[in-house]
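The values are calculated or read from the model by the stated rules, or taken from the named source; none is laboratory data. This one's a predicted model, so the numbers in the text were calculated from it and none came from an experiment. Heads up, the Cβs are rebuilt from the backbone with ideal geometry, glycines too, and the neighbour counts pull from every protein chain shown. Each accessible area value is taken on the protein alone, full model and side chains, heavy atoms only, with ligands, DNA and RNA left out. Shrake-Rupley method; radii C 1.70, N 1.55, O 1.52, S 1.80 Å.
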Amino acid sequence: MKTKWEVIKKITDSGLVVVVRADDASEAKKITEACLNGGAAAIEITYTVPGTTQVIEELVKEYKNEILIGAGTVLDPETARIALLSGAEYVVSPYLNEETLKLCNRYQVPCMPGVMTVEGVVKAMELGADILKVFPGEAYGPNIIKAIKGPLPQASLMPTGGVNLDNVGQWIKAGAVAVGVGGSLTASAKTGDYKSITLLAKQFVEKIKEVSLQCN
């Protein structure tokens, strides 16, 4: 079992978390395989996918030594606990739920709550969140990262929503430690074109690495 810090390091080293909202388990698995081949470090299976818990179990069994499998769209501690028992290595929520964060801390599993304001960022950090999901990212654009890190340079921010290949460099340059990418990376799954997903994942990883090196 990976430690909390190993999971966080793998995510921040790669900088790419792929958000999977698939129609069924088969599609979710194919997207995971495609993203793995493209070098993505982490997959987030959202609790909008039919049979999410079983999908997580199956993916963990098959890929746990190759790519991180996390649970997304987790709205409450009950769902978080089910996800952890299924093998999820991290938990992502669209908003800040104190009990979910406490539960994840209890089991020393990274929890990434959704925040939109400086107040939300401070509260999440006080409750022990290590990476904060800035959501929805498209509501503000990359400047929100720079704005938050002005007064709060210690905040580790991961924008999700509105991140694409054209602007991912701007998000990283603004100070994001990683990005969550969904439809702009996985859309071609709907037509069965998984090769495009692999190619796009590679391009995302390369772009993130390139900009990160420039910033350091």
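The condition (being touching a helix residue (DSSP H, G or I) at 6+ places or on another chain (Cβ under 9 Å), at negative phi, modelled with pLDDT of 95 or more and not in a helix (DSSP H, G or I)) is satisfied by just one residue among ILE31, ILE45: ILE45.
Here THR79 meets each of (1) surrounded by fewer than 18 Cβ atoms within 10 Å (Cβ to Cβ); (2) farther than 24 Å from GLY15 by Cα with one exception, condition (1). Within segment 99-115, the set of residues being farther than 16 Å from TRP5 by Cα and over 16 Å from the mean Cα position of the chain (by Cα) comprises GLU99, THR100, LYS102, LEU103. For segment 119-143, the set of residues classified as out of contact with any Gly (no Cβ under 9 Å at 6 or more places or on another chain) and among the β-branched types (Val, Ile, Thr) consists of VAL121, VAL122, ILE131, listed by residue number.
Taken over segment 148-197, the residue count meeting the criterion of being among the polar types (S, T, N, Q) and either touching an Asp or Glu at 6+ places or on another chain (Cβ under 6 Å) or within 23 Å of THR73 (Cα to Cα) (or both) is 6. Of all residues assigned to segment 160-169, none qualifies as being modelled with pLDDT of 95 or more, of a type in the set (D, E, K, R) and either surrounded by 17 or more Cβ atoms within 10 Å (Cβ to Cβ) or assigned to a helix (DSSP H, G or I) (or both). Within segment 131-144, at least one residue is in a helix (DSSP H, G or I), charged (D, E, K, R) and open to solvent by 20 Å² or more (accessible area, probe 1.4 Å).
Taken together, the residues in segment 84-126 that are within 25 Å of LYS149 (Cα to Cα) and either aliphatic (A, V, I, L, M) or open to solvent by 30 Å² or more (accessible area, probe 1.4 Å) (or both) amount to 23. Looking across LEU157, LEU213, one residue alone is in contact (Cβ under 8 Å) with a residue 24 or more places away in the chain and of a type outside the set (D, E, K, R). It is LEU157. Out of the residues in segment 173-216 that are touching a Leu at 6+ places or on another chain (Cβ under 8 Å) and open to solvent by 40 Å² or more (accessible area, probe 1.4 Å), state the one that is nearest to GLY161 (Cα to Cα). Among those that are touching a Leu at 6+ places or on another chain (Cβ under 8 Å) and open to solvent by 40 Å² or more (accessible area, probe 1.4 Å), it is SER184. Taken together, VAL20, VAL7, VAL74 contain a single residue that is within 21 Å of GLY114 (Cα to Cα), surrounded by 23 or more Cβ atoms within 10 Å (Cβ to Cβ) and touching a residue at least 60 places away in the same chain (Cβ under 8 Å), which is VAL20.
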